[in-house]
1. Beta carbons within 10 angstrom, averaged per residue: use that to sort the peptides 62-75, 31-44, highest first.
2. Fewest first, what order do 90, 28, 49 take by the number of other Cβ atoms within 10 Å?
3. Say R0 is 25 Å: what FRET efficiency, to the nearest 0.05, do residue 130 and residue 5 get from their beta-carbon distance?
4. Taking N as the number of residues in the stretch 41-89, what value does Rg over Cα atoms divided by 2.2 N^0.38 Å take?
């Protein structure tokens, strides 16, 4: 499972409570879906308050985007220059971690692929988008294999 320490190693600039015990049950990329105990990734929208309502317990946030004053002071926010690049690094790190260790619980990635592809067309580098989806696919295959489904990876 993805941990606070995993995220802080990729995104060292943060504010809020530093809790090494935090385990992220999901990566919340789409606010139309619930992401219980999730890390909100502010890629296509910047509604961090809605993300908190949807179950986010921390956020990856662009450093050039103002953080709403209503965000609780202790809510962990990891600031990054480019969210897409930080997400890609985080996915790579997580996949390497999964390949090294056996995990009973996995972090789910919550998103609607078509929606993200459409939203990203104007805003993010196509090569990075392609890499992110490649790593998401690898992670999903890894999870399926652990559950006894797809044997490829």
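1. Final packing ranking: 31-44, 62-75.
2. So the ranking, lowest neighbour count to highest, is 49, 90, 28.
3. It comes to 0.30.
4. Rg over 2.2 N^0.38 Å, computed on Cα atoms: 1.06.
Throughout, read-outs are computed from the coordinates displayed, never taken from laboratory work. Fair warning: this is a prediction, and the values are worked out from it, not measured in the lab. For neighbour counting, all protein chains shown are included, and Cβ atoms are generated from backbone atoms with ideal geometry for every residue, glycine included.
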